[in-house]
Each structure stands twice: as C-alpha cells, then as structure tokens.
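A.B. asks: Mind looking over this structure? Questions follow.
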Amino acid sequence: MWDGVRFPDEITKNEDEYVFPAIMESSQRIYLTKKVVYNQVFTKHSITRSEYGFKNLFHAGGAAELTKYLKNKEYYDIALFEFGIGTRSIIDFNGVLKDEACQKEIKRLYKVFCKLAKELIPHVNFKTKMRLLLFRFSLKGYTVFQRKHAKIVAK
C-alpha cells in the first residue's frame, strides 16, 4: 500500500492529508473497525502546539487535496465536508496570520477553493449552492456569514 507513497518533503504539518489519496488509490479494499490503531501524542514542543505561522496553512492545503480527490471519485458529500474544513481553516488563519508570505498563501488557497466550489456546485442542493457562490464571491462576506451562522446554531 505504501509502495511509491512518500510524505511531501516541504509539508511538515497535516502531511497525512496529502498522502491519503495515494494510499486510497493503492488500496484494493478498505475495512472499518472500532479498534484504535492510530494515536497522536501531543508534547509541549510538538508542531501542533507551536505558534501560529505558515505551517498552519498546510491544513487547508491538505483539505484542498482531499476535496479534489473525493470530488473526482464522486463522493460529493464527503468532499463538501472536507471543503468546509479547509475553508474554515482559511477563515480562521486569515484573521491571525498577517505577514506577507501567509497572506499570499491564503490568497492562493482561496483561489484553489473557489475553483473547487465551482466544481462542486452542480452536485449540491440549492442552499449549499448559495453558500458556495457566496464563498466564491467574497471571502470576507462568507466569513461574516459563517460567523453569524455559527452563533445562531450555538443558541
């Protein structure tokens, strides 16, 4: 299953998201189990506990790769779920990561997700189409919508 599959050298956070499509493609069968077979250990010096920076954007990049893969396999519901994970990551880090390199990467990722939104639109219900269109129209407008919607849901 791992033949020819390698973690990208330049990705040092959320790298499993980048190799998942290749592993899925090399698998003949997938089994689900309730047994825990993967444990993540957090230490005070681990990358996941480090200060926010450019590496945090790898999460959105990995979500984009997974979304593309799932969309191409016609798993639209799961692709849309992964799309949401990636876009929330962009929204969250757009408000925190202000340096030039991060803002440039956020803009690049936004364009990637805009393209994915366009490709997902034919495969979703009307309400979701409107959300995807809003995302494509304006990241700022979509951010306001998402935050307002989250408050309504939380009440």
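Read the figures in this text as sums done on the coordinates, not as results from a lab. Computed from a predicted model, the values in this text were never measured in an experiment. Quick reminder, even Gly has a Cβ in these numbers, built from the backbone with ideal geometry, and neighbours come from all protein chains shown.
A.B. asks: Could you order peptides 109-122, 135-148, 19-32, 55-68 by the average number of other Cβ atoms within 10 Å of their residues, highest first?
C.D. replies: Details: 109-122: 17.2, 135-148: 14.9, 19-32: 11.0, 55-68: 22.4.
Highest mean packing first, the order is 55-68, 109-122, 135-148, 19-32.
A.B. asks: Ok, one more. Past 24 Å, Cα to Cα, is the threshold; run 35/55; 73/111; 34/115; 104/140; 71/104 against it and keep the listed order.
C.D. replies: Values: 35/55 31 Å; 73/111 22 Å; 34/115 36 Å; 104/140 16 Å; 71/104 26 Å.
Where the Cα-Cα span goes over 24 Å, the pairs concerned are 35/55; 34/115; 71/104.
A.B. asks: Using a Förster distance of 30 Å, how high is the FRET efficiency between residue 147 and residue 101, based on the Cβ-Cβ distance and rounded to 0.05?
C.D. replies: 0.75
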